[in-house]
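J.: Before I ask anything, here is the structure I am working with.
Nothing in this text is a laboratory measurement; each read-out follows from the coordinates by a stated rule. All values derive from a computational prediction rather than experimental measurement. Glycine gets a Cβ as well: all are built from the backbone with ideal geometry, and neighbour counts include every protein chain shown.
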Amino acid sequence: MRNMAALVFPGFQTLDYFGPIEMLGGFRDEIKIVTVAKTRDPVPSRHGQRIVPARTLSDASDYELLFIPGGDSALEAAKDPDLMQWVRNTSAHADRVMAVCTGTVLLGMTGVLDGRRATTNKLDFNDTVHLAPNVTWVKRARWVQDGKFYTSSGVSAGMDMALAAAADLFGMQAAETMAEECEYNWTRDPDDDPFAALAGLV
């Protein structure tokens, strides 16, 4: 059983969070999802739903898996030095680290992605990647794997990334079965990214 810290902060993007959680949470005998936040107060999403954290940043950082959603407020969350240090500590211990959309920029701002390839939301790409200048940002990618780090483009791309991580952890057949159970058309090719062109990046 692997413990996965699923970080939330005020204004997190709902599909960024719940899409990958649906995919990874299906492996209930292999992954225990622990929602983590700054405090134990309910945390509102961008759309107003509130989620109650199970742990706070001060409780632990020894998780085998780390998941970070995005949202417009991710860059505001990145101003919190305690949160950023927790991400650094947790990333150092974790076997796999996953981030979606602007959550990838937050992750990059901690320095743990320095010298690594990563991607993020294409609509915000040029306005955000300068915040983590030592990351090798990939303009055209649905998601990117570099070692233990998985990063994805915007919103729905996080589900494709989560399934790719699941395939790495549990095998391709298990990931394909999970996608089928969710009636989800999994984009398996990480380079299948029409949104990069739509955003004028390529």
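J.: Name the residue, out of Gly103, Gly154, that is assigned to a helix (DSSP H, G or I) and small (Gly, Ala, Ser).
T.: Working: Gly154 fails: assigned to a helix (DSSP H, G or I).
Exactly one residue qualifies, and that residue is Gly103.
J.: Search region 110-138 for residues being in a loop (DSSP other than H, G, I, E, B) and basic (Lys, Arg), and hand back the single one that is surrounded by the fewest Cβ atoms within 10 Å (Cβ to Cβ).
T.: The extreme case among them is Arg116.
J.: Of everything in region 177-199, what is of a type in the set (Asp, Glu) and not in a helix (DSSP H, G or I)? Give them in sequence order.
T.: Glu183, Asp189, Asp191, Asp192, Asp193
J.: Among the residues of region 46-63, write down those that are in a loop (DSSP other than H, G, I, E, B) and polar (S, T, N, Q).
T.: Matches in region 46-63: Gln49, Ser58, Ser61.
J.: For region 91-109, give me each residue that is more than 15 Å from Asp146 (Cβ to Cβ) and surrounded by fewer than 23 Cβ atoms within 10 Å (Cβ to Cβ).
T.: Ala92, His93, Met109
J.: Then there is this: Does any residue in region 173-185 that is closer than 19 Å to Phe18 by Cβ come within less than 7 Å, Cβ to Cβ, of a residue that is outside any helix (DSSP H, G or I) six or more places away or on a different chain, and which pairs are these?
T.: Met178/Gly26; Ala179/Trp186; Glu181/Gly26
J.: Between Ala166, Ala157, which is buried (at least 24 other Cβ atoms within 10 Å of the Cβ) and in contact with a strand residue (DSSP E or B) (Cβ under 7 Å, 6 or more places away or on another chain)?
T.: Ala157
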